[in-house]
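The values are calculated or read from the model by the stated rules, or taken from the named source; none is laboratory data. All figures in this text were calculated on a predicted structure; none of them were measured in a lab. Cβ placement follows ideal geometry from the backbone for every residue including glycine, while neighbour counts extend to all protein chains displayed. Accessible surface is based on the protein model in full, side chains and every heavy atom, while ligands, DNA and RNA are left aside. Shrake-Rupley method; radii C 1.70, N 1.55, O 1.52, S 1.80 Å.
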Amino acid sequence: MSPDRNSARPLPAFSRMLRLTRPSREDAIAFVILAGLGVLFFRAAEGAVAPLSTLQMAPVTLDPWDLPYYAMRTVLRMFAALFASTVFTLVVATLAARSRHAGQLIVPALDILQSVPILGFLTFTVTFFMGLFPGSVAGVEAASIFAIFTSQAWNMAFSFYQSLRSIPTDLEEATMIYRLSPIRRFLKLDLPFGTPALVWNAMMSMSGGWFFVVASEAITVGNTTATLPGIGSYLAQAITKQDFRAVAEAVGAMALVIVAYDQLFFRPIVAWADRFRFEMTASTERPQSWVFDLLRRTRLLPVVLAPLGAIGRLLLAFEPRAGRRRVMGERQAHPALERIWQVLVAIAVLGALFLTARYVMHYLVWRDAVTAVLLACVTMIRVIVLIALASLIWVPIGVWIGLRPAWAERLQPLAQFLAAFPANVLFPFVVMAIVHWNLAPDIWLSPLMILGTQWYILFNVIAGASAIPTDLREAADMFHVRGWQWWRQVAIPGIFPYYVTGALTASGGSWNASIVAEAVSWGHRNLVAHGLGSYIAEATTSGDYARVALGVGVMSLFVLGFNRLLWRPLYAYGERRMRLT
Amino acid sequence: MATAAIAEKPLLVEVKGLRHYYSGQDHLVLDDVNLELSQGEIVGLLGRSGSGKSTLLRSIAGLIRPSEGIARLVPGPDVPDPSVAMVFQTFALFPWLTVLENVELGLEAQKIPAPQARARALAAIDLIGLDGFENAYPKELSGGMRQRVGLARALVVDPSLLLMDEPFSALDVLTAETLRTDLLDLWSEGRVPIKSILIVTHNIEEAVLMCDRILVFSTNPGRVVGEIRVDLPQPRDRLDPAFRALVDDIYARMTARTEITAPMRDGLFPGTGIAMVLPRVSTNSIAGLIEEVDGTPFEGRASMSELADSLQLEADELFPMAETLQLLRFAELRGAELVLTPAARRYAQGDVDQRKALFAQALNQHVPLVQHIRRVLDERASHEAPARRFRDELEDYMSEDYADETLRTVTLWGRYAEIFAYDEEADRFSLEDAR
């Protein structure tokens, strides 16, 4: 049942591997899948370190036979980013939870970084990474991976930090009483406790990452144009060439890839991570995965998990010998050291303020700030109207679905899939429509912002509606509660906290999407809507770093303000007043 | 187990002048606690929640550094390097580790070679009666079984001192009894190498059943207010008259000490006037307790231990209720006896409106905070006042948590008695609905 247990002891794991000598049908299937993935992986990895000139020699073609290779390159990029995000999360979040000083800096930083429009980063990172690896594809690759990383790392780290903070005190005390070293404690308590939330978050972040893959593979910053082989640049090429068929192929490939990694990678991990859920009652419904079952039946699971066990043992090698007892809570640091720390933080803050102010004053005038804020207001109106419209449409539909378990079961994964699907690949179709009917871009480009993010509202509402207790619904039925009264007293309170979560995600995503949604092109036709998104997009294309920074800064402030002043109070209100438990 | 024999045994734990503050310096949890624990004895720390007994346990375990004073294990000739293990109220098992892995946890951390650790863990599992469950996960086990795992995990590291933090309070009565008996058997047969056991409990009978010595703690701040030696031979019988007498004696002591620590005639809770800390006792509990004592067989006069039995309440739960009755002059605590006043007898016979009227009268006369809130509301033209105002006022006298709980209790009582109204959303008191 528990392979990780065996991996801690080399002998049983080895004897299990020996049993592989008796092949079965499952073995064959698993072997073929693994081999195929391996070959694709090595081919794609080869390309990632090739010299830069190969990009010019072998530009992205629209040959559908190249698509699997492009898809693999893209997937590899995403997994590289996911790996980096996971390492970042484990190190930074653990540091923040264990050290008071580190926590004071890291936690607010993560909170703010979550609200920064990620696409704004691209401008800076591409230049930086290309300088880091001159003349190699690796620089551009790194920039693209970093873009995806920035879309995943902050909220993964934040969620892991929150998990660590919610570890029950008695378990922490047990690790101290039994003198577990910090490393052992991390492996035995922190990591398992945080795993389910981390896996779930990684899955959601991966979905979000697609959006940025498409945007980051083919990027122009000032005079630098970099086009990496991948689905994103295939799509970009198709859009420039106005090749309708190629767009459709790219979309299809993307859908296949999303289904594939969901089934082959995330489902098994979710099924595996279920054992780490902190609960003391055996749950009836456990997550299912055919791949996980396959791995378990072929006894390949210990082999797959062996590297994890090895890393754990490697870490334990650094464990100090004597089991020293530690005291609960932070030991008070020396007052002088405390002072020095405070002074250092103050110096860093002042220094940063000075540098930023000098830079901004040098390149910008007050009018730029006014322009940016005005444009942000335009975008804000769009976001508000769109969230309201999407809520009007999806809340009733979501409630209807959520109250019918048979439907909810089938449609919930679909809604999650739609949320994962990068909506920016559908933009060309909208552009064609706008051009064809000569519509006003200021209005008709707006829906693009919410195209990909509205699904968060839908699947959260479905989840909320299915969580309304049956006895409440029966009570409402019994007293003939119908119509508006039913909505007011049963449905809306029932879904409220879920709805707020969904709307919060959707609104944050829409701000982010405005950077690609307010300025779109199809072939040589460019459509631009007024707003902060197009302001940032245009500044990026012309390589105007100061304006990109200004735009990103203003947008971050707006998103933060939105979260702090609207969504969080609403969420707190819902938690306080409308909890059904 | 003669007293003299225990006294000759070498010392294992020494606590001197221990003080502990929570949340900075404003809330004293433990005040000047002194304690000596010898080898070979089981000592109980008995007190209500908030008496700091768990804090004391954790100071001895080395989990908490006390603000003042020392708590240490004393090395002796036969225990050169004394160690502790702890059993938790909530078991504190790792749900992702099997029974065996949970038990091996402490051995692994001590870098004991795997085969040896495995053998010792299996022996401990065997000893505690868990064979066959080695590969089960905690969620597959019942509460009693889980606590057995907790016990095995503690015993396997060969501690000199076993600390138990309300180890049986999360279990049902029967399971708890079985576990207690099993542990006492292991102890008296000398099958476990532990030298002493220190057990925190708020269950008086449990303390009398298990301990050689019981230390009674007061609340707010926690102090040792009594020490009782239990010389009854093991196994002890709950129905033995000597046992009952001892339980009654402890009830009486726990009642008596409240009169010593709170000399003000206002009541028994720490603080006076509006600064009195009120426990969360619902109006239903008050009504239920009055009805119980008023009815047969008590007829207005009940011993606390019998009351606890008949209501299936622990001393920890019963004392705040009884003291609330005393505060409202609905009852008087005489030794270990609770005697209803005429007002309470009338309350028991009254209908809803009469009960409310009696309750309101008692509140207005005996709970200064209720009078205070009512006066403020009467004086204001709007007849409204934010609750925040009173909470801040209370925080001048007590910690934030106590202020919050006290105000909640008063809100509950005041609303029931219709002395004032409260709007949770706006966090305001008013006279609006009260009239």
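The single residue among A:253, A:226, A:143, A:238 that is in contact (Cβ under 8 Å) with a residue 60 or more places away in the chain, in contact with a helix residue (DSSP H, G or I) (Cβ under 6 Å, 6 or more places away or on another chain) and within 27 Å of residue A:89 (Cα to Cα) turns out to be A:143.
Just one of (1) within 14 Å of another protein chain (Cβ to nearest Cβ); (2) under 28 Å from residue B:27 (Cβ atoms); (3) not basic (Lys, Arg) fails for residue B:425. It is (2).
Residues that are among the aliphatic types (A, V, I, L, M), at pLDDT below 90 and surrounded by fewer than 21 Cβ atoms within 10 Å (Cβ to Cβ): does segment B:151-171 have at least one? Yes, some residue in segment B:151-171 is among the aliphatic types (A, V, I, L, M), at pLDDT below 90 and surrounded by fewer than 21 Cβ atoms within 10 Å (Cβ to Cβ). Restricting A:466, A:521 to those that are in contact with a Gly (Cβ under 6 Å, 6 or more places away or on another chain) and either open to solvent by 50 Å² or more (accessible area, probe 1.4 Å) or more than 18 Å from residue A:558 (Cα to Cα) (or both) reduces the list to A:466.
In segment A:175-192, the residues that are facing chain B (nearest Cβ under 7 Å) form Cβ pairs under 7 Å with partners that are charged (D, E, K, R) and surrounded by 22 or more Cβ atoms within 10 Å (Cβ to Cβ), at six or more places apart or across chains, as follows: A:180/A:188. When we screen A:485, A:489 for residues that are of a type in the set (S, T, N, Q), at pLDDT 85 or above and surrounded by fewer than 15 Cβ atoms within 10 Å (Cβ to Cβ), the only hit is A:485. Quick check on my filter: what residues within segment B:126-138 are surrounded by 17 or more Cβ atoms within 10 Å (Cβ to Cβ) and more than 26 Å from residue B:78 (Cα to Cα)? Selection gives B:130, B:133, B:137, B:138.
Contact map, segment A:154-165: residues that are under 9 Å from residue A:93 (Cα atoms) paired with residues that are open to solvent by 10 Å² or more (accessible area, probe 1.4 Å) and not in a helix (DSSP H, G or I), Cβ distance under 8 Å, separation 6+ or inter-chain. Pairs shown: A:158/A:114. Residue count for segment B:94-127 under the criterion of being among the aliphatic types (A, V, I, L, M), more than 8 Å from chain A (Cβ to nearest Cβ) and touching a Leu at 6+ places or on another chain (Cβ under 9 Å): the result is 9.
Which one of A:457, A:381, A:443 is in a helix (DSSP H, G or I), at pLDDT 80 or above, over 30 Å from residue A:247 (Cβ atoms) and not aromatic (Phe, Trp, Tyr)?
Details: A:457 fails: over 30 Å from residue A:247 (Cβ atoms); A:443 fails: over 30 Å from residue A:247 (Cβ atoms).
Within the list A:457, A:381, A:443, the selection yields A:381.
Is one or more of the residues making up segment B:160-183 in contact with a Pro (Cβ under 8 Å, 6 or more places away or on another chain) and closer than 22 Å to residue B:109 by Cβ?
Residues of segment B:160-183 in contact with a Pro (Cβ under 8 Å, 6 or more places away or on another chain): B:160-161, B:179, B:181.
Remaining after also requiring closer than 22 Å to residue B:109 by Cβ: B:160-161.
Yes; the residues of segment B:160-183 include at least one that is in contact with a Pro (Cβ under 8 Å, 6 or more places away or on another chain) and closer than 22 Å to residue B:109 by Cβ.
For segment A:277-288, the condition of being within 14 Å of chain B (Cβ to nearest Cβ), open to solvent by 20 Å² or more (accessible area, probe 1.4 Å), within 22 Å of residue A:197 (Cβ to Cβ) and modelled with pLDDT of 80 or more holds for none of the residues. Restricting attention to segment B:68-84 and to residues that are modelled with pLDDT of 85 or more and of a type in the set (Gly, Ala, Ser), the residue that is surrounded by the most Cβ atoms within 10 Å (Cβ to Cβ) turns out to be B:71.
Counting only helices (runs of 4 or more DSSP H) wholly contained in segment A:460-563, the ones carrying 2 or more residues that are within 22 Å of residue A:119 (Cα to Cα) and either of a type outside the set (D, E, K, R) or without any contact (Cβ under 8 Å) to a residue 24 or more places away in the chain (or both) occupy A:492-517, A:532-541, A:545-562. Just one of the numbered conditions (1) hydroxyl-bearing (Ser, Thr, Tyr); (2) out of contact with any Phe, Trp or Tyr (no Cβ under 8 Å at 6 or more places or on another chain); (3) farther than 21 Å from residue B:411 by Cβ is not true of residue B:282: (3). Of the residues making up segment B:74-89, just one is at the interface with chain A (Cβ under 7 Å from one of its Cβ atoms) and closer than 12 Å to residue B:148 by Cα, namely B:88. Residue check: residue A:170 meets all listed conditions (1) surrounded by fewer than 21 Cβ atoms within 10 Å (Cβ to Cβ); (2) touching a residue at least 12 places away in the same chain (Cβ under 8 Å) but one, namely (2). Quick one: is residue A:387 modelled with pLDDT under 90, closer than 30 Å to residue A:465 by Cβ and not charged (D, E, K, R)? Spelling it out, it is not the case that residue A:387 is modelled with pLDDT under 90, closer than 30 Å to residue A:465 by Cβ and not charged (D, E, K, R).
In this structure, residue B:313 does not qualify as within 30 Å of residue B:221 (Cα to Cα), under 27 Å from the mean Cα position of the chain (by Cα) and open to solvent by less than 10 Å² (accessible area, probe 1.4 Å). Residues that are touching a strand residue (DSSP E or B) at 6+ places or on another chain (Cβ under 7 Å) and either among the small types (Gly, Ala, Ser) or modelled with pLDDT of 75 or more (or both) within segment B:243-289 comprise B:248, B:250, B:253, B:254, listed in sequence order. Residue A:123 fails exactly one of the following numbered conditions: (1) open to solvent by 50 Å² or more (accessible area, probe 1.4 Å); (2) touching a strand residue (DSSP E or B) at 6+ places or on another chain (Cβ under 6 Å). What is the number of that condition? The number of the failed condition is (1).
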